[in-house]
1. About its Cα centre, how strong a charge dipole does region 68-206 have in debye, to the nearest 20, once Lys and Arg get +1 and Asp and Glu get -1 at the Cβ?
2. Give the residue from Val104, Trp23, Thr170 lying farthest towards the positive end of the charge dipole for the chain; charges sit on Cβ (+1 for Lys and Arg, -1 for Asp and Glu) and the dipole is referred to the Cα centre.
3. Pairing the Cα long axis of helix 112-124 with the longest principal axis of the chain, what angle in degrees results, from 0 to 90 and rounded to the nearest 10?
4. What value, in deg cm²/dmol to 500, does the helix sum -39500 (n - 2.57) over DSSP H runs of n ≥ 4 give at 222 nm once divided by the residues of the chain?
5. At 1.4 Å probe size, with no ligands or nucleic acids counted, give the accessible surface of Phe135 in Å², nearest ten.
6. How much of the accessible area of the chain, in percent, comes from carbon and sulfur atoms when a 1.4 Å probe is used?
7. Antiparallel as a % of all DSSP beta bridges within the chain, to the nearest 5?
8. Lys136: which lysines have alpha carbons under 24 Å from its alpha carbon, excluding same-chain residues fewer than 8 sequence positions away?
Amino acid sequence: AATADPVTYWEAAAHQLEWSTPWHIALDKSNPPFYRWFVGGETNICFNAIDRHVLAGNGDKTALIWEGSEPGETRRFTYAELQREVSRIASGMQNMGLKQGDRVIIFMPMVPEALMTMLACWRAGITFSVIFSSFKAEDIKERIKHTGARAVFTADGFNRAGKNFALKATIDQAVEGTTVEKVVMLTNDRSKPTLQPGRDINWDTL
């Protein structure tokens, strides 16, 4: 169906989501090869991922199941719980001075808070760049320079297969001399790295 009539197919798919402003052109082909879908439309990814399910009465349904690297390490979140946590992070971002259109870096282990941070960015209209947790400081610095990121969301570190990855120490090197104003750190491995006064914010404080 998508091959036979892609516009009709994707319009039907889009109508399943919530739009704050409906589109006036489903597919703009006036400037090939730069095609634009749903021109004029506005929606929020976070609202569609979480809030619409809560509003539909499914807040108590499981939205996220996280399995850690250790046996039995599991965390579950309902849509309502996820909505509350994501809203708190988004509010924290705004209290930090981040606003719609700002850019941030996410350099975190694969924990639920990483996904929540992405959802919070979508909620607040903040653009984010996710960096794989094995990147070196000089590579992260390049990403920061290219994006002009104002903040970094990271963790103290994490353990995998008996090896420790010190994320906060890597970020401390990477942000030096860049546009980064704030570093938010999640306590994950209890290594207690040093927080730089005026720049670093503990996750719980956020």
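1. Around 200 debye, computed over region 68-206.
2. Highest projection toward the positive end goes to Thr170.
3. Here the helix axis deviates by roughly 50 degrees.
4. -8500 deg cm²/dmol
5. My reading of the accessible area for Phe135 is about 70 Å².
6. Summing carbon and sulfur atoms, their accessible area is 51 percent of the total for the chain.
7. Within the chain, antiparallel bridges account for around 45 percent of the total.
8. Here the lysines satisfying the reach criterion relative to Lys136 are Lys145, Lys163, Lys168, Lys182, Lys192.
The values are calculated or read from the model by the stated rules, or taken from the named source; none is laboratory data. The model shown is predicted, which means the values in this text are computed figures rather than measured ones. Positions of Cβ are generated from backbone atoms using ideal geometry, with glycine treated the same way; all protein chains shown enter the neighbour counts. What goes into the accessible areas is simple: the full protein's heavy atoms, side chains included, and nothing from ligands, DNA or RNA. Shrake-Rupley method; radii C 1.70, N 1.55, O 1.52, S 1.80 Å.
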